[in-house]
Amino acid sequence: ALVNASSQIFIGRVADIPALTGTRFRADSASSTIENTLPASVVQVEAYGTLKGSLRYGEVIQVIYCPALCDEITDAATLKSLAYTAVDATVPQEDGIYLFFLVHSPDAKQSYYFGVNPIQGLVELDSSDRVHVTYLNSALSGHYSLDALVRDIRSIVEN
């Protein structure tokens, strides 16, 4: 479900991560629009290897990092609120290498990407190609090798 929900899955490097600033977010729900101001940053990410989507090697995209979005997550399967906070999510670091699971901004006039959700939007990779998954990311639990995870993702994308 994580692979299918993502429009872009790729390995990339965080090229720049500015400080969090108050950012206005708008969400449309049924016939109403809700606006919030949350601390967020527009992170510059350089794509290395794409598993799903159309990004090319070296392409730089803008990813919205908003840790406060962790505070109100709903389990899609049960529709129950989950008790996550920003402390539970992976925090991107400048020059860090991650496996990204992203969706494009719902506003066609903006070229931003968002994590598929605040917990599963990015996964840390180390210099030994090991995957570091937060205990809350049940879709990727049990994956420790980047090679094995890439094979599993490609299998899903190709079928």
Notebook entry, point to check: Summing Lys, Arg as +1 and Asp, Glu as -1, what charge do residues with Cβ under 14 Å from the Cβ of S155 carry, S155 excluded?
Noted result: 0
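With each run of n ≥ 4 DSSP H residues scored as -39500 (n - 2.57), what mean residue ellipticity at 222 nm is computed for the chain after dividing by its residue count and rounding to the nearest 500 deg cm²/dmol?
Computed ellipticity for the chain at 222 nm equals -3000 deg cm²/dmol.
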Check: If R0 is 25 Å, what FRET efficiency do you get for A15 and H104 from their C-beta distance, rounded to 0.05?
Finding: 0.85
Next item on the list: Please compute the net charge surrounding V3, taking Lys and Arg as +1 and Asp and Glu as -1 over other residues with Cβ under 14 Å from its Cβ.
Entry: +1
Check: Reported to two decimal places, what Rg/Rh ratio describes the chain when computed on Cα atoms with Rh from the Kirkwood expression?
Finding: 0.94
Notebook entry, point to check: Between L2 and E94, what is the spin-label point distance in nm, taking each point 7 Å from the Cα along the Cα→C-beta axis?
Noted result: 2.8
Check: What FRET efficiency comes out for the pair T33/S81, r = Cβ-Cβ distance, R0 = 22 Å, nearest 0.05?
Finding: 0.50
Next item on the list: Quote to one decimal, in nm, the extra length available between V42 and V60 on full extension: 0.36 nm per residue of separation minus the C-alpha distance between them.
Entry: 5.3 nm
Item checked: Dipole magnitude of the chain, debye to nearest 20 (Cβ charges: Lys/Arg +1, Asp/Glu -1, about Cα centre) -> 320
Check: Can you work out ³J(HN,Hα) from phi for every residue in region 142-151, in order, using Karplus 6.51 cos²θ - 1.76 cosθ + 1.60 and θ = phi - 60°, giving whole Hz and x for Gly and Pro?
Finding: x, 9, 10, 9, 4, 4, 5, 5, 4, 4
Item checked: Cut-off under 5 Å, modelled amide H: who pairs with Y112 long-range -> S105
Notebook entry, point to check: Longest span of the chain, sites excluded, free of trypsin sites (Lys or Arg not before Pro) in DSSP loop with at most 14 other C-beta atoms within 10 Å?
Noted result: 1-55
Checklist line | Karplus 3J(HN,Hα) series, Hz, for region 60-68 with 6.51 cos²θ - 1.76 cosθ + 1.60 (x for Gly, Pro) | finding: 10, 10, 9, 10, 7, 10, 9, x, 5
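What do you get for chymotrypsin sites (Phe, Trp or Tyr not before Pro) in region 107-139 restricted to DSSP loop and a cutoff of at most 12 other Cβ within 10 Å of the site's Cβ?
Loop-located and lightly packed - Y135.
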Item checked: Top positive-direction residue, dipole computed over region 91-159 with Cβ charges, set T134, A108, I119 -> A108
Notebook entry, point to check: Tell me, what is the FRET efficiency for A148 and S111 to the nearest 0.05, using R0 = 35 angstrom and their Cβ-Cβ distance as r?
Noted result: 0.60
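Only the coordinates and a few stated rules stand behind these numbers; no lab work does. Treat the numbers as computed from the prediction; the structure is a model and nothing was measured. Here the Cβ is made from the backbone with ideal geometry for all residues, glycine too, and neighbour counts use every protein chain on show.
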